[in-house]
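See structure below.
Derivation of every value follows stated rules applied to the coordinates shown; laboratory data play no part. Everything numeric in this text was worked out from a predicted model, so none of it was measured. Neighbour counts run over all protein chains shown; Cβ positions are idealised from the backbone, glycine included.
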Ligand SMILES: NC(=O)c1ccc[n+]([C@@H]2O[C@H](COP(=O)([O-])OP(=O)(O)OC[C@H]3O[C@@H](n4cnc5c(N)ncnc54)[C@H](O)[C@@H]3O)[C@@H](O)[C@H]2O)c1
């Protein structure tokens, strides 16, 4: 069974590719990524170096815009499953560089989904986001609620869900959208809160804290995310299209994280309080009953228990010294 993972040099794509390459030794695990410089390409190359140690892992440097190169991968390999994770991620930058979101998350999505369909892929699992819900008053967020994205990034994710829903009516592919809620872990994204804050502490830099840190995020451990995707790969799927929240059902107060991380490294943060950034939601808290019931699994990880090993990894590998 050949599996294609897009965005394999990214945080989630890396962990998934590593796990799949080790678990399915007889399968070909093919990953592509354009290694863009949204954050340090050095970190992305570090991840690819680890992945290349697996003999059954094949990396290609390809952009989602390049239909010809993507088609060639499909021509040369009988790909049954596509896990589409490549995207321009991040909420804050979507106003600064909207074109990048349009190119990767709209045109790029259309390219990969239509090529997968043409090549008779059986399962197409793709990354959506908790941000599609927008600012809601009622929690936990459930998959059947109305969604109202409040920035360009989340709008592109909603469009991905809509396109898949439409396409599923005329396609034999089983399509699954995963609404990820703030994923964290080793090799995590430097543009996200935990590593951005750690970076400021270890480099003795100021840290901009929005809305006095009065934000809640439903932090979800990368190993839980990978386990869920692996279980979905194995599971017999009958519905043509569905979306799932991928979350812990446990919103964490950012101010608690600020305290925990600075106490752990024993460095006093230099916090600059900024007013609320209106394109960000105040709280995410997802209901994960749908995915846990579907896969008959449980999640038990607690972020404050997991963080020490992650912080130690970050320090040991001197990630805070990486430049773009
Ligand atoms: N990490 C989270 O908490 C989170 C939350 C919600 C949704 N998501 C979604 O999950 C997916 C993976 O997220 P991540 O955290 O691993 O992000 P990431 O930025 O680490 O990984 C995305 C990868 O895609 C690649 N990429 C971007 N545009 C591309 C293009 N046009 N062609 C080829 N490659 C391209 C990037 O180089 C990067 O390596 C993304 O779709 C993201 O929007 C992530």
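In table form, for the structure just shown:
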quantity: Nearest 10 degrees, 0 to 90: helix 67-76 Cα axis against the chain principal axis; calculated: 60
quantity: Mean-position separation - Cα centroids, the stretch 79-116 and the stretch 162-190, in angstrom; calculated: 11
quantity: Of 301, 47, 217, the one that fluctuates the most in a GNM where the chain has Cα springs shorter than 10 Å; calculated: 301
quantity: Fluctuation leader among 15, 285, 208 - the chain, Gaussian network, Cα springs under 10 angstrom; calculated: 208
quantity: Sorted by Cβ neighbour density within 10 Å, fewest at the top, the residues 1, 175, 192; calculated: 1, 192, 175
quantity: Residue with peak Gaussian network fluctuation, the chain [Cα springs, cutoff 10 Å], from 170, 279, 62; calculated: 170
quantity: Rounded to 10°, Cα long-axis angle of helix 254-265 versus longest principal axis of the chain; calculated: 80
quantity: Exposure proxy order (Cβ contacts within 10 Å, fewest to most) of 141, 16; calculated: 141, 16
quantity: Bridge type composition, the chain - antiparallel percent by DSSP, nearest 5; calculated: 5
quantity: Ratio Rg/Rh [Cα only; Rh per Kirkwood] for the chain; calculated: 0.94
quantity: Pairwise Cα inverse-distance average, inverted: Kirkwood Rh of the stretch 109-237 (Å); calculated: 17.0
quantity: Cα centroid of the stretch 292-308 to Cα centroid of the stretch 27-48, whole Å; calculated: 26
quantity: Proxy reagent accessibility, fewest Cβ within 10 Å first, across 69, 157; calculated: 69, 157
quantity: Rounded tilt (10° steps) of 303-316 against the dominant C-alpha axis of the chain; calculated: 90
